[in-house]
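Engineer: Sharing a structure with you now.
The values are calculated or read from the model by the stated rules, or taken from the named source; none is laboratory data. What you see is a predicted model, and the numbers here were worked out from it, not measured in a lab. As a convention, Cβ positions derive from the backbone with ideal geometry for all residues, glycine included, and neighbour counts pool all protein chains shown. Just the protein is used for accessible areas: all its heavy atoms, side chains included, with ligands, DNA and RNA removed. Shrake-Rupley method; radii C 1.70, N 1.55, O 1.52, S 1.80 Å.
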Amino acid sequence: KDKELHNKVFALVGGTGTLGNALTEYILKELKPKRIRIISRDEKKQWEMSQKFNDSRLRFFIADIRDKDRLRTALHDVDIVIHCAALKQVPSCEYNPFEAVKTNILGTQNVIEASIENRVKTLVCLSTDKAVSPLNLYGATKMCLERLAIAGNVYNRNLGDTKIIVTRYGNVINSRGSVIELWEKQLKEGKPLTLTDERMTRFWMPIETAVQLIMTAIKEGK
């Protein structure tokens with residue numbers, strides 16, 4: 001089935017993070033893409049990615065998912081969109097609630113509408129285990145993302161053939177900003193490791209598993 005994804009134009013929305021880098025590496029190596037568009041707000045991270053991969057198939061678009069007009073341009077002639085962009089730090093979303101709403105909910109609707117209007121073949125929207133019976137705003141915004149994506153398929157029936165898929169992935173071990181970074185710093189400084197609650201269970205996945213989950217969603221999602 002991988003051969004069906006060869007020679008396509010991919011767009012990674014919010015593509016400069018840990019997952020975006022891993023997806024870029026996998027797509028370049030395994031899927032022989034025509035182009036990969038990296039769409040994000042951070043020009044420094046984009047420059048770092050351009051130096052890291054040094055591949056003429058990469059294109060970098062400065063864009064905010066809150067700006068639908070810019071998204072329309074960035075997603076023109078794209079085959080497959082992977083929507084990774086989000087405000088995802090739980091405390092930050094709690095302290096800046098409407099910013100989380102504008103990015104994670106309104107921004108997601110912009111990605112959905114811009115994908116449909118550009119007749120993108122497949123859009124994968126990334127959710128989280130925290131969307132299940134959410135206890136915090138971040139989880140609640142991702143629950144909304146899931147509902148918007150599902151509703152987008154209904155809305156799309158009269159406009160085109162964009163397939164909109166949602167997949168949930170969990171805590172990627174050692175991703176940027178994860179608790180592993182904090183624990184490593186505490187160990188180096190000889191400090192005790194801090195825990196939120198000793199009764200808490202956390203489920204981790206390696207980045208390779210997260211990439212394969214998304215690829216499976218693209219190939220097999222209905």
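Engineer: How large is the Kirkwood hydrodynamic radius of the range 44-157, in angstrom, based on all distinct alpha carbon pairs?
Structural biologist: After inverting the pairwise mean of 1/r, the radius is 15.1 Å.
Engineer: Now for a different question. Which value at 222 nm does the chain reach when only helices count, each DSSP H run of 4 or more adding -39,500 (n - 2.57), with the total divided by all residues and rounded to the nearest 500 deg cm²/dmol?
Structural biologist: -13000 deg cm²/dmol
Engineer: Continuing with the same structure: What ratio of Cα Rg to 2.2 N^0.38 Å holds for the range 1-102?
Structural biologist: Ratio of Cα Rg to 2.2 N^0.38 Å: 1.12.
Engineer: Return the ratio Rg/(2.2 N^0.38 Å) for the range 142-215, where Rg is computed over Cα atoms only.
Structural biologist: Computed over Cα atoms of the range 142-215, the ratio equals 1.65.
Engineer: Which whole number of Å³ per residue matches the convex hull of the alpha-carbon atoms in the range 65-104?
Structural biologist: Spread over its residues, the Cα hull of the range 65-104 gives 56 Å³ apiece.
Engineer: With the other protein chains left in place, how much accessible area per residue, in square angstrom, belongs to the range 1-119 at a 1.4 angstrom probe?
Structural biologist: Here the residues of the range 1-119 average 50 Å² of exposed surface.
Engineer: So for the chain, considering every pair of alpha-carbon atoms, how many percent are separated by more than 32 Å?
Structural biologist: Value for the chain: 17 percent of Cα pairs lie more than 32 Å apart.
Engineer: While we're looking at this one, here's another question. Taking +1 at the Cβ of each Lys and Arg and -1 at the Cβ of each Asp and Glu, which of 91, 196, 118 sits farthest along the dipole of the range 61-203 towards its positive end, judged by Cα position relative to the Cα centre?
Structural biologist: 196
Engineer: Separate question: Using the Cα centre as the reference, give the magnitude of the dipole from point charges on the C-beta atoms of the chain (Lys, Arg: +1; Asp, Glu: -1; all else neutral), rounded to the nearest 20 debye.
Structural biologist: 460 debye
Engineer: Could you work out the relative contact order of the range 33-158? I mean the mean sequence separation of Cα pairs under 8 Å and 6+ apart, divided by the number of residues, in percent.
Structural biologist: 23 percent
Engineer: Apply the Karplus parameterisation 6.51 cos²θ - 1.76 cosθ + 1.60, with θ equal to phi minus 60°, to every residue of the range 110-117 and state each ³J(HN,Hα) to the nearest whole Hz, in sequence, with x for glycine and proline.
Structural biologist: For the range 110-117, the Karplus-derived couplings read 5, 4, 4, 5, 5, 5, 5, 5 Hz, x marking Gly and Pro.
Engineer: What's the angle, to the nearest 10 degrees (0 to 90), between helix 207-220's Cα axis and the longest principal axis of the chain?
Structural biologist: Roughly 30 degrees between the two axes.
Engineer: OK, next. Taking 8 Å as the Cα distance limit and 6 or more residues as the minimum spacing, I'd like the relative contact order of the range 8-55 as a percentage.
Structural biologist: Relative contact order for the range 8-55 comes out at 48 percent.
Engineer: Give me the percent of the accessible area of the chain that comes from carbon and sulfur atoms, probe 1.4 Å, all protein chains in place.
Structural biologist: The computed percentage sits at 52.
Engineer: Modelling each spin label as a point 7 Å along the Cα-to-Cβ direction, I'd like the residue 178/residue 28 distance in nm, to one decimal.
Structural biologist: Going from the residue 178 label point to the residue 28 one covers 2.2 nm.
Engineer: By average Cβ neighbour count within 10 Å, what is the ranking of 211-221, 98-108 from highest down?
Structural biologist: 98-108, 211-221
Engineer: I would also like to ask the following. Which peptide among 62-68, 137-143, 51-57 comes first, and what is the full order, when sorted by highest mean count of other Cβ atoms within 10 Å?
Structural biologist: 137-143, 62-68, 51-57
Engineer: Related question: Amide H neighbours of residue 81 under 5 Å, at least 5 residues apart or on other chains, H built in the peptide plane: list them.
Structural biologist: 11, 122, 123, 124
Engineer: Let me ask something else. For the range 70-222, what's the relative contact order in percent, using C-alpha pairs closer than 8 Å and at least 6 residues apart?
Structural biologist: Reported relative contact order: 22 percent.
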